[in-house]
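The values are calculated or read from the model by the stated rules, or taken from the named source; none is laboratory data. Just so we're clear, the structure is a prediction, and the values are computed from it rather than from any experiment. Here the Cβ is made from the backbone with ideal geometry for all residues, glycine too, and neighbour counts use every protein chain on show.
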Amino acid sequence: MLNENFVIVGFIIQALGSIKYLTETLQGKVKPNKITLFLWSLAPLIAFAAEIKQGVGIQSLLTFGIGFFPLLIFVASFFNKKAHWKLSSFDFACGGLSLIGLLLWYITKTGNIAIIFALLADGLASLPAIIKTYRYPETEYSWTYFAAFISALLTISTIKVWNLANYGFPFSTIVINFTIFSFAQFKFGKVKSA
């Protein structure tokens with residue numbers, strides 16, 4: 001187990017990757033899915049509040065980062081028309097289901113249940129980005145996702161108490177970000193369709 005201060009190192013790595021993605025968005029080099037970004041900011045920030053309420057501590061910094069940085073990128077995506085990704089009915093369906101998950105969190109108002117519904121909402125919000133990256137890897141900047149993956153690995157390596165409040169979002173972040181990184185970096189969808 002690593003010293004919990006490695007969460008701060010992970011947060012800095014995540015911030016650097018996000019700043020690069022933010023720059024690429026402002027330049028129109030990447031085409032983020034706005035629904036995914038909005039929900040990637042909303043669900044983790046709600047989970048962050050639930051984690052604080054559950055007493056998670058410094059490990060909640062990862063959850064804050066995976067909510068805050070997408071919010072910045074979401075706002076930036078409106079400043080360059082080249083950074084536009086055409087949304088489909090699938091994107092809106094995933095977004096709607098994600099919002100239902102957040103509504104269920106609001107109704108229950110219980111820490112672990114809130115985290116479960118926020119994780120569900122985050123996963124549903126991720127599906128359009130995962131599919132988009134699989135099909136069109138050139139629309140993403142892979143190293144931002146790798147930075148978030150490393151940040152989550154560092155965070156999970158510092159956990160002393162293994163419960164949902166402590167490991168839920170770091171584990172989810174590992175899976176989602178490694179998947180998107182792999183699709184963007186190695187272009188698996190392009191290889192398969194070739």
Inset, instruction - Give 187, 132 a once-over and let me know the one that is in contact with a helix residue (DSSP H, G or I) (Cβ under 7 Å, 6 or more places away or on another chain), surrounded by fewer than 20 Cβ atoms within 10 Å (Cβ to Cβ) and among the basic types (Lys, Arg). - result: 187
Legend entry - Yes/no for residue 139 being β-branched (Val, Ile, Thr), over 18 Å from residue 36 (Cα atoms) and either more than 15 Å from the chain's Cα centre (by Cα) or surrounded by fewer than 16 Cβ atoms within 10 Å (Cβ to Cβ) (or both): no
Legend entry - Among (1) more than 15 Å from the chain's Cα centre (by Cα); (2) under 18 Å from residue 90 (Cα atoms); (3) among the charged types (D, E, K, R), the one test that residue 122 misses: (1)
Legend entry - Selection from segment 154-169 of residues that are surrounded by fewer than 24 Cβ atoms within 10 Å (Cβ to Cβ) and under 14 Å from the mean Cα position of the chain (by Cα): 168
Legend entry - Residue that is surrounded by the most Cβ atoms within 10 Å (Cβ to Cβ), among those in segment 3-29 that are farther than 14 Å from residue 62 by Cα and in contact (Cβ under 8 Å) with a residue 60 or more places away in the chain: 21
Inset, instruction - Quick one: which residue in 60, 88 is of a type in the set (S, T, N, Q) and either at pLDDT 90 or above or in contact with a Cys (Cβ under 8 Å, 6 or more places away or on another chain) (or both)? - result: 60
Legend entry - Residue that is nearest to residue 26 (Cα to Cα), among those in segment 102-129 that are polar (S, T, N, Q) and surrounded by fewer than 19 Cβ atoms within 10 Å (Cβ to Cβ): 112
Legend entry - Subset of segment 157-194 that is small (Gly, Ala, Ser) and more than 21 Å from residue 120 (Cβ to Cβ) - its residue that is modelled with the lowest pLDDT: 194
Inset, instruction - Go through (1) surrounded by fewer than 24 Cβ atoms within 10 Å (Cβ to Cβ); (2) at pLDDT 90 or above; (3) within 29 Å of residue 88 (Cβ to Cβ); (4) in contact with a Gly (Cβ under 7 Å, 6 or more places away or on another chain) and name the single condition residue 45 misses. - result: (2)
Inset, instruction - Look through 31, 53 and report the one residue that is in contact with a His (Cβ under 7 Å, 6 or more places away or on another chain) and not polar (S, T, N, Q). - result: 31
Inset, instruction - Could you grab me the full set of residues in segment 50-89 that are touching a residue at least 40 places away in the same chain (Cβ under 8 Å), in a helix (DSSP H, G or I) and either at positive phi or surrounded by fewer than 18 Cβ atoms within 10 Å (Cβ to Cβ) (or both)? - result: 53, 72, 81, 82
Inset, instruction - Using the structure shown, decide if residue 8 is within 20 Å of residue 118 (Cα to Cα), modelled with pLDDT of 85 or more and β-branched (Val, Ile, Thr). - result: no
